[in-house]
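The values are calculated or read from the model by the stated rules, or taken from the named source; none is laboratory data. Note that this is a predicted model, so its numbers are computed, not measured. All Cβ positions, glycine included, derive from the backbone under ideal geometry; neighbour counts span all protein chains shown. With ligands, DNA and RNA removed, areas are computed over all heavy atoms of the protein, side chains included. Shrake-Rupley method; radii C 1.70, N 1.55, O 1.52, S 1.80 Å.
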Amino acid sequence: MDKSNARLGWLFASPYLIYSLIFFLFPLLWATYLAFTNWNLIAPDYEFVGIQNFIEAFFSESVRAAFFVTYKFLGMFVPIVVGGALLLAMLIHSLPKFKGLFSVAFFLPYLASGVASAIVVNGILSHNSPFNIWLRGTFGLDIDWLGSSILAPLIIALMMAWKFAGYYALLFVAGLESIPKDVYEAAEMDGAVGIKKFWHVTIPMLYPSFYTVTILAVGLMFGIFTEPYVLTGGGPDLSTHTWQLEIYSQAFERLNAGYGTAIAVINSIVTFGSILVFRKILEKWGAKHGWE
Amino acid sequence: MAGNNRLKLTLLYIVAFTVLIVMVSPYLYMVLGSFASWDQVDRKIIPTEFSLRSYEWLFFGGEGANARPWMRAFFNSVFVSTTSSILMIATALLVGYSLAKLKFKGNRLINNVILFQMFYPAVILLIPLFLLIRYFGMYDTYWAMILPKAVNLWAIFMYTNFFRGLPNELLEAAKIDGASQWKIVWKIVLPMSKSITTIIFLFVFMERWVELLWDMLVVNSEEMLTLNVLLAQMFGPYGGYPGPMYAASVLLTLPILILFIIFSKNFKKGMQFVLK
């Protein structure tokens, strides 16, 4: 009985095992090797160049741009999306009726393709759009939104916040629903009301949701491709040039497969390290409030 | 006091409704823009004159450009996303069941490896995967878009957690009645996981539908492009024709929205599990 179970277990798990062997483990090893070569995707011959790719990447302006742009996106996107999601969640939570309807409606932006939202944003911000005409007419402001290296990243961060806020809000709603009523009652007895109650009871009690949402949001920022690729092409002045754009353009536009892979390796190390740091910070904050 | 409360509630719903309008306004703007007459696209927030010119232009071409294979791209997207998602569900169902219910050596290890893989930055695999696809001779075929996306780790993870919660007694009883494990999965487990399957399908389908980078890399000829890729390619060249661009965006967005609204009855129940 047990033996047949074991065989069946391996059999049922085999799609995953075969897949991982071909599409994960093998490419992973190959990538590690490629990163130390100078292959150009086409030529039959290539050489082993040691750590030259990594040195080159270290001094490359566009790689450095990708590195800093990601943290810039992070600094804009994470506060906006976490704050926005929390507000949406509190709104949903406080409604006595039609909770489901509003959660579903707020979730709808998550279904948008980055390409479609780039088209809409491009239209709304085009030079003669009603919005820009109004700005020029009322305030005399003539703003080249996507041509500004400060505004362009902000616009992309806002687009992504719009897309993800409703989704993350559901995580916060689940968190809010799990706070026991007697915690609030005890806090009220101690004289905590309004903002104080929110700050000292609700926020710390939501720690698990904060943790999940923040880590998801941080992870997302290391994989941005669609929005800047379509909307800004990484510009102006590399201000929206993300890791993925850098890897794509190195490997598939300039055909430096070896160098591109080296950048991908660096990117995955940076991603891993950054997420680890964020986790530690969050865990520390959680521990302060009694979460393990 | 009661009146005060009612006022508060009314205000609350007004706020909620306003937020709702703001959240869906980009969709509304897109739909209205696709039906607006051309001199009003991006010139009026809410157009007053409507026409089907943008759709006509998109499908049959017109001044400025020839028609592109939008319907073909739409078909490609449907075909690739559906096949991929069904494969992801089928494999995740089996793998999840084996990890949760069939105790075998290595079971634990596989579980941990999956968790590790889920958090591993996938971008490092991009270039070797592309080379692999080229080496297999799958470049510019449906295989290239489907096979590397036939297994989804998140789906496996979700199913494993869900199946762990299913009572063993029920499965044991079925086994004593002589049902094979295949039959148990097909006849008992699958029907019991309807809402979670709906939600997993929705998520993986959506993710597959809006994929850009991979579909852009492995496909080249015009009749193989997915809708998302074709739309991204046309962003520059059709820049002077915002109406048709909105029409194409509607074509890309509407199916997902409809799919979602059809399944939204199961959404809440399934989400409760996904969010745990």
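List of remarks:
- Qualifying residue in the stretch A:11-29 (condition: closer than 13 Å to A:Gly260 by Cβ, part of a helix (DSSP H, G or I) and among the hydrophobic types (A, V, I, L, M, F, W, C)): no
- Test: residue in the stretch B:62-72 that is open to solvent by 20 Å² or more (accessible area, probe 1.4 Å) and facing another protein chain (nearest Cβ under 10 Å): no
- Of all residues in the stretch B:165-186, exactly one satisfies the criterion of being of a type in the set (A, V, I, L, M, F, W, C), assigned to a helix (DSSP H, G or I), more than 11 Å from every other protein chain (Cβ to nearest Cβ) and under 10 Å from B:Lys101 (Cβ atoms), namely B:Leu171.
- Looking only at residues of the stretch B:39-58 that are buried (at least 17 other Cβ atoms within 10 Å of the Cβ) and not charged (D, E, K, R), we find that the one that is nearest to A:Gly123 (Cα to Cα) is B:Val41.
- The selection criterion, being open to solvent by less than 40 Å² (accessible area, probe 1.4 Å), aromatic (Phe, Trp, Tyr) and part of a helix (DSSP H, G or I), holds for B:Trp214.
- Selection from the stretch A:237-292 of residues that are buried (at least 24 other Cβ atoms within 10 Å of the Cβ) and not in a helix (DSSP H, G or I): A:Thr240, A:His241, A:Thr242
- Verdict on A:Tyr184 being hydroxyl-bearing (Ser, Thr, Tyr), surrounded by fewer than 16 Cβ atoms within 10 Å (Cβ to Cβ) and touching a residue at least 12 places away in the same chain (Cβ under 8 Å): yes
- Condition check for B:Val189: away from every other protein chain (no Cβ under 11 Å) and surrounded by 16 or more Cβ atoms within 10 Å (Cβ to Cβ): yes
- Residue match in the stretch B:253-268 (condition: within 30 Å of A:Thr212 (Cβ to Cβ), of a type in the set (Lys, Arg) and more than 10 Å from chain A (Cβ to nearest Cβ)): no
- The residue of the stretch B:158-181 that is nearest to B:Phe203 (Cα to Cα), among those that are among the hydrophobic types (A, V, I, L, M, F, W, C) and in contact with a Gly (Cβ under 8 Å, 6 or more places away or on another chain), is B:Met158.
- Only residues that are crowded, with 24+ Cβ neighbours inside 10 Å and of a type in the set (Val, Ile, Thr) were counted in the stretch B:239-276, giving 1.
- Taking the criterion of being in a helix (DSSP H, G or I), at the interface with chain A (Cβ under 8 Å from one of its Cβ atoms) and of a type in the set (Phe, Trp, Tyr), the only residue of the stretch B:96-127 that qualifies is B:Tyr97.
- Flag for A:Leu74 being more than 7 Å from chain B (Cβ to nearest Cβ), outside any loop (DSSP other than H, G, I, E, B) and surrounded by 15 or more Cβ atoms within 10 Å (Cβ to Cβ): yes
- Test for A:Asp190: is it under 30 Å from B:Asp39 (Cβ atoms) and open to solvent by 30 Å² or more (accessible area, probe 1.4 Å): no
- Only one of A:Ile179, A:Ile155 that is in contact (Cβ under 8 Å) with a residue 12 or more places away in the chain and in a loop (DSSP other than H, G, I, E, B): A:Ile179
- Residue satisfying all of: in the stretch B:220-235; open to solvent by 10 Å² or more (accessible area, probe 1.4 Å) and at the interface with chain A (Cβ under 9 Å from one of its Cβ atoms); modelled with the lowest pLDDT among these: B:Phe235
- Which listed residue, of B:Ser77, B:Ser34, is assigned by TED's automatic domain parsing to the domain that holds B:Phe163 and either at pLDDT 85 or above or open to solvent by 50 Å² or more (accessible area, probe 1.4 Å) (or both): B:Ser77
- All told, A:Leu170 falls short of being surrounded by fewer than 23 Cβ atoms within 10 Å (Cβ to Cβ) and in contact (Cβ under 8 Å) with a residue 60 or more places away in the chain.
- Residue count for the stretch A:1-21, restricted to those that are open to solvent by less than 60 Å² (accessible area, probe 1.4 Å) and facing chain B (nearest Cβ under 8 Å): 11
- Flag for B:Phe119 being in the same structural domain as B:Leu227 (by TED's automatic domain parsing), open to solvent by 60 Å² or more (accessible area, probe 1.4 Å) and more than 26 Å from B:Ser180 (Cα to Cα): yes
- Residue selected from the stretch A:110-139 under the condition of a type in the set (A, V, I, L, M, F, W, C) and more than 29 Å from the chain's Cα centre (by Cα), by the criterion nearest to B:Arg43 (Cα to Cα): A:Ile133
- Of all residues in the stretch B:192-211 being among the β-branched types (Val, Ile, Thr) and part of a helix (DSSP H, G or I), the one that is surrounded by the fewest Cβ atoms within 10 Å (Cβ to Cβ): B:Thr198
- Where B:Phe162 falls short, out of the listed (1) away from every other protein chain (no Cβ under 11 Å); (2) closer than 24 Å to A:Glu253 by Cα; (3) open to solvent by 20 Å² or more (accessible area, probe 1.4 Å): (2)
- Condition met for B:Leu102 (open to solvent by less than 20 Å² (accessible area, probe 1.4 Å) and over 23 Å from the mean Cα position of the chain (by Cα)): yes
- The sole residue among A:Phe106, A:Phe102 that is over 15 Å from B:Leu254 (Cα atoms), in contact (Cβ under 8 Å) with a residue 12 or more places away in the chain and facing another protein chain (nearest Cβ under 7 Å) is A:Phe106.
This table checks each residue for (1) more than 11 Å from chain B (Cβ to nearest Cβ); (2) hydroxyl-bearing (Ser, Thr, Tyr); (3) part of a helix (DSSP H, G or I).
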site	(1), (2), (3)
A:Thr214	yes, yes, yes
A:Leu220	yes, no, yes
A:Pro228	yes, no, yes
A:Gly235	yes, no, no
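- Failed condition for B:Thr83, given (1) assigned by TED's automatic domain parsing to the domain that holds B:Ile146; (2) under 19 Å from B:Ala232 (Cα atoms): (2)
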